[in-house]
Amino acid sequence: MAHAVRFEGVTKRYLRGGPRYASLRYDIATMAKGLGARLRGLEPEPRGTLALDDVSFEVQEGESFAIIGPNGAGKTTALKLISRISYPTAGRIRVRGRVAALIEIGSGVHPELTARENIWLYGQILGMSRADIRRRFDEIVEFAELGRVLDTPVKMYSSGMQLRLGFSIPAYLDPHIFVVDEALAVGDAGFQAKCVERMTKLVADGRALLFVSHNLSAVEAICRRGIFLLGGRVRATGAARDVLRVYLDWVDASHRDRLANEISPRPSQFLTLEAVTCHGLDGEERYAFKTGDDVEVRLKFGAVAPLRRPHVSIGITDGRPGNLALCSMLVDGGAPEEVDGTVTVSCWLHGVPLLPRVYQLWCSVRSEQAYGDLFDWQPIGAFRISDAPVLLGPAAHAHSATDGPVYIAHDWEVRPCR
Amino acid sequence: MPAPVELVIEGGPRPHVAQSLRELWAYRGTILAFAERDCRLKYKQAVLGVAWAVLQPLAFMAIFTIMLGKLAKIPGGGVFYAAFSLSALIAWSYLQNAISFGANALLADGALMRKVYFPREVPVLGAILSVGLDLAIGLVLFVAVGPFLGARPSPAWLLAPLLGLLLAALAAGVALTLAAFNVYYRDFRYALPFALQLWLFASPVAYPLEVVPEGWRGLYVAVNPAAGVLDGFRRVLALGELPDPALLAVSLAGTLVVLLSSYRIFKRRERHFADVV
């Protein structure tokens with residue numbers, strides 16, 4: 001099958017890294033600086049910021065393609081290049097057919113004009129002929145759900161209505177290539193569902209869809225292939241699920257780095273925490289586990305002076321406030337009679353029912369009377385669930401990594417009502 | 001769906017002028033859409049509405065006629081001063097409004113430029129076209145009140161729209177360069193009203209072209225192409241004569257030079273507009 005969009009070693013450098021509103025004075029000063037550097041025999045520093053760095057990928061006709069990555073990775077820049085809003089600094093982009101873009105939707109509709117005027121004028125600005133618009137007018141109005149306010153200036157609309165209008169016009173442009181940037185972040189759930197239906201119908205009709213979103217479950221559900229951009233470079237490309245997994249791994253890793261920075265146990269006058277490790281059933285030290293694995297959390301404490309009956313508690317969180325689970329000698333009993341010198345405390349978590357992401361471990365140690373902290377409640381370590389073999393649905397990876405972290409074994413049944 | 005054509009987007013060589021013009025022709029509907037939008041927007045929520053297009057030249061004509069015509073005794077170039085000044089003012093206010101509106105068009109449509117592709121001159125030309133509504137209203141006004149001010153009704157009046165076209169070309173020539181620089185340097189936005197005022201005093205609006213010594217007129221019109229067109233308006237509307245063909249030819253040549261070089265400047269910068277605006 002033929003490609004609809006093809007990036008060939010595309011680099012984009014935004015020239016202005018300076019003040020947002022350039023002035024003649026600033027530019028002359030910069031030019032003088034560059035000239036000065038050249039006179040002294042130095043290469044002037046390349047100005048600006050590199051948004052895309054030698055990016056290549058291909059989108060086929062009839063394919064839904066995702067571009068994912070953190071903020072500032074170059075996703076929107078890539079879309080702007082495809083729709084000819086911006087031009088590459090180097091490299092080449094091949095585009096086959098009419099492109100309709102939804103970048104910063106809503107900014108194109110004019111607040112002083114009515115919906116009717118906006119559809120006519122904005123439609124023509126987007127490249128529709130008058131005949132096209134006449135044919136599509138009712139569909140657009142119906143899709144935008146604006147039938148009753150068609151002759152009211154758009155500035156009187158709610159922001160949701162404005163955005164619906166902004167999406168609906170390009171959605172009926174009949175593009176060969178449809179470019180969507182974060183459009184699904186807006187509108188109520190019903191309208192979002194309509195937008196997704198419209199997009200998937202366009203793909204089913206043989207159009208190409210390029211989709212940029214932070215809504216990973218939408219990416220996983222809608223897109224077949226994709227690319228993961230990081231700092232303007234291609235980090236992964238291939239089937240959407242695989243790319244998504246690489247992305248989620250990266251998110252986990254950066255999350256872990258942040259957690260690691262947070263973790264620096266405060267010393268107490270009674271106890272020092274010397275090591276925290278997680279181990280599998282075989283006793284091997286590990287960081288990553290699967291849903292349902294047994295996990296041994298091993299703590300190494302050094303007591304400054306002999307302690308009687310210290311109560312150890314371990315909590316698990318996924319970064320949100322509150323524990324997902326608490327394992328505590330205050331609840332379970334089993335506190336050692338006396339601790340002297342260095343001891344290892346192991347807590348066995350059986351069949352951990354957690355879905356893939358990074359989890360943080362918290363710990364405290366209470367005194368003999370189970371009141372008063374010997375070791376303050378604080379984060380001490382992290383482990384990661386990397387795989388959930390039980391999940392098979394169309395948005396399994398994204399949902400399991402972003403929604404409800406606890407997995408409860410369950411079954412579904414659907415039966416007719418009598 | 002017809003088999004789509006492949007478009008290659010590169011950072012390299014800029015398209016040739018002929019190629020740009022072909023593309024512009026394909027976007028003529030979009031120019032009209034911009035013009036229609038600007039016309040609709042202009043008088044929304046203004047109680048007097050289109051009457052503004054009539055009031056402004058009439059008010060200027062009244063002041064000019066009293067202060068310059070009666071008190072300062074500036075000649076009307078063979079016709080009552082009121083008729084002369086109204087004919088020149090209608091033309092001048094078109095030129096002035098078209099240039100300042102066109103020069104700011106890219107800033108006004110910055111949000112659209114950052115999300116939709118169209119040749120970037122499209123909103124500028126649309127803005128200049130939309131001001132044409134005011135010119136049309138002004139010409140109708142002249143046809144209605146001109147005879148009472150001393151103008152001679154004549155079939156030559158039919159030439160006025162053609163002169164208007166020449167004026168639009170000149171406005172486009174000036175506005176395209178200004179619009180391109182406006183994107184980068186907002187300084188131009190502040191300099192423009194000032195520059196237009198200087199230009200007004202340098203053009204035969206308050207005084208007839210005959211004030212300039214005959215031997216210098218050709219050079220004057222070559223340096224200021226607006227002068228030949230404004231004089232054409234005076235001859236056609238106020239005097240009911242044909243315009244001076246030699247002066248008009250000089251104006252036309254000057255206008256084409258301005259327009260073409262301005263278009264090249266604009267197209268050379270166009271690709272960076274969306275990154276900067």
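The values are calculated or read from the model by the stated rules, or taken from the named source; none is laboratory data. All values derive from a computational prediction rather than experimental measurement. Methodologically, a virtual Cβ is constructed for each residue, glycine included, from the backbone with ideal geometry; neighbour enumeration extends over all protein chains shown.
For the structure I just gave you, tell me whether residue A:315 is in the same structural domain as residue A:375 (by TED's automatic domain parsing) and on the phi > 0 side of the Ramachandran plot. No. Scanning the range B:135-155 for residues that are modelled with pLDDT of 90 or more and in contact with a Lys or Arg (Cβ under 9 Å, 6 or more places away or on another chain) yields nothing.
When the range A:75-99 is filtered for residues that are within 26 Å of residue A:195 (Cβ to Cβ) and in contact with a Ser or Thr (Cβ under 8 Å, 6 or more places away or on another chain), the ones remaining, listed by number, are A:77, A:80, A:86, A:99. Filter the range B:94-115 down to residues that are charged (D, E, K, R) and either in contact (Cβ under 8 Å) with a residue 12 or more places away in the chain or within 29 Å of residue B:161 (Cα to Cα) (or both), then give me how many there are. Number of matching residues: 2. Count of the range A:271-284 residues, restricted to those that are within 14 Å of residue A:340 (Cα to Cα) and either outside the structural domain of residue A:376 (by TED's automatic domain parsing) or surrounded by fewer than 17 Cβ atoms within 10 Å (Cβ to Cβ) (or both), is 1.
Looking across the range A:367-400, just one residue is of a type in the set (Ser, Thr, Tyr) and surrounded by 21 or more Cβ atoms within 10 Å (Cβ to Cβ), and that is A:400.
Specify which of the listed residues (A:69, A:74, A:62) is more than 8 Å from chain B (Cβ to nearest Cβ), under 13 Å from residue A:14 (Cβ atoms) and touching a residue at least 24 places away in the same chain (Cβ under 8 Å). So that I can check it myself, show each step before the final result.
Values: A:69 fails: under 13 Å from residue A:14 (Cβ atoms); A:62 fails: under 13 Å from residue A:14 (Cβ atoms).
Just a single option satisfies the conditions, and that option is A:74.
Kindly evaluate residue B:115 against the criterion of being touching a strand residue (DSSP E or B) at 6+ places or on another chain (Cβ under 7 Å), within 14 Å of chain A (Cβ to nearest Cβ) and under 30 Å from residue A:124 (Cα atoms). Answer is yes for this residue. Residue B:231 meets each of the listed conditions (1) within 20 Å of the chain's Cα centre (by Cα); (2) acidic (Asp, Glu); (3) within 14 Å of chain A (Cβ to nearest Cβ) apart from (3).
When the range B:204-224 is examined, which residues are found to be crowded, with 23+ Cβ neighbours inside 10 Å and within 26 Å of residue B:59 (Cα to Cα)? First the steps, then the outcome.
Taking the range B:204-224 and keeping what is crowded, with 23+ Cβ neighbours inside 10 Å, we get B:204-205, B:208, B:221.
Selection gives B:204, B:205, B:208.
A single entry from A:287, A:247 fulfils the requirement of being surrounded by fewer than 19 Cβ atoms within 10 Å (Cβ to Cβ), touching a residue at least 60 places away in the same chain (Cβ under 8 Å) and not β-branched (Val, Ile, Thr): A:287. So for the range A:232-253 (the condition being on the phi > 0 side of the Ramachandran plot, in contact with a Leu (Cβ under 7 Å, 6 or more places away or on another chain) and in a loop (DSSP other than H, G, I, E, B)), does at least one residue qualify? Yes, that holds for at least one residue. For the condition surrounded by fewer than 18 Cβ atoms within 10 Å (Cβ to Cβ) and assigned by TED's automatic domain parsing to the domain that holds residue A:274, residue A:356 does not qualify. Scanning the range A:326-343 for residues that are aliphatic (A, V, I, L, M), within 9 Å of residue A:312 (Cα to Cα) and crowded, with 16+ Cβ neighbours inside 10 Å yields A:329, A:335.
Would you check if residue B:101 is away from every other protein chain (no Cβ under 14 Å), crowded, with 16+ Cβ neighbours inside 10 Å and part of a helix (DSSP H, G or I)? Against the criterion (away from every other protein chain (no Cβ under 14 Å), crowded, with 16+ Cβ neighbours inside 10 Å and part of a helix (DSSP H, G or I)), residue B:101 qualifies. Has the range B:73-96 got any residue that is within 14 Å of another protein chain (Cβ to nearest Cβ), crowded, with 23+ Cβ neighbours inside 10 Å and either within 18 Å of the chain's Cα centre (by Cα) or not basic (Lys, Arg) (or both)? The answer is no, given that none of the residues of the range B:73-96 is within 14 Å of another protein chain (Cβ to nearest Cβ), crowded, with 23+ Cβ neighbours inside 10 Å and either within 18 Å of the chain's Cα centre (by Cα) or not basic (Lys, Arg) (or both). Per the listing A:15, A:81, the residue uniquely under 21 Å from residue A:2 (Cα atoms), at pLDDT 70 or above, surrounded by 14 or more Cβ atoms within 10 Å (Cβ to Cβ) and in the same structural domain as residue A:248 (by TED's automatic domain parsing) is A:81. Scanning the range B:198-233 for residues that are among the basic types (Lys, Arg) and closer than 17 Å to residue B:96 by Cα turns up nothing.
Please work out which one of (1) modelled with pLDDT of 90 or more; (2) surrounded by fewer than 23 Cβ atoms within 10 Å (Cβ to Cβ); (3) among the aromatic types (Phe, Trp, Tyr) is the condition residue A:7 fails and give its number. It fails just one condition, (2). Applying a threshold of 6 Å to beta carbon distances and a minimum spacing of six or more residues, or different chains, the list of pairs starting in the range B:252-277 at a residue that is farther than 16 Å from residue B:125 by Cα and within 14 Å of another protein chain (Cβ to nearest Cβ) and ending at one that is of a type in the set (Ser, Thr, Tyr) and assigned to a loop (DSSP other than H, G, I, E, B) reads B:271/A:87; B:274/A:86; B:275/A:86.
Working carefully through the options A:106, A:187, A:206, A:160, find the one that is modelled with pLDDT of 85 or more and under 31 Å from the mean Cα position of the chain (by Cα). Matching residue, one of A:106, A:187, A:206, A:160: A:206. Every test in (1) in a loop (DSSP other than H, G, I, E, B); (2) hydrophobic (A, V, I, L, M, F, W, C); (3) modelled with pLDDT of 90 or more is passed by residue A:305 save one, and that test is (3).
Among the listed residues B:6, B:36, which satisfies the condition of being surrounded by 18 or more Cβ atoms within 10 Å (Cβ to Cβ), of a type in the set (Asp, Glu) and farther than 26 Å from residue B:181 by Cβ? Talk me through it step by step, then tell me what you get.
Values: B:6 fails: surrounded by 18 or more Cβ atoms within 10 Å (Cβ to Cβ).
Matching residue, one of B:6, B:36: B:36.
Remark: pairs (first residue in the range B:30-59, within 15 Å of residue B:123 (Cβ to Cβ) and among the charged types (D, E, K, R); second residue at pLDDT below 85 and part of a loop (DSSP other than H, G, I, E, B); Cβ separation under 7 Å; 6+ apart in sequence or on different chains) = B:37/A:110.
Going by what's in this entry, would residue A:117 be described as in a loop (DSSP other than H, G, I, E, B) and at the interface with chain B (Cβ under 10 Å from one of its Cβ atoms)? So residue A:117 fails the test. When residues in the range A:142-158 are screened for being farther than 11 Å from residue A:118 by Cβ, of a type in the set (A, V, I, L, M, F, W, C) and in contact (Cβ under 8 Å) with a residue 12 or more places away in the chain, 2 of them pass.
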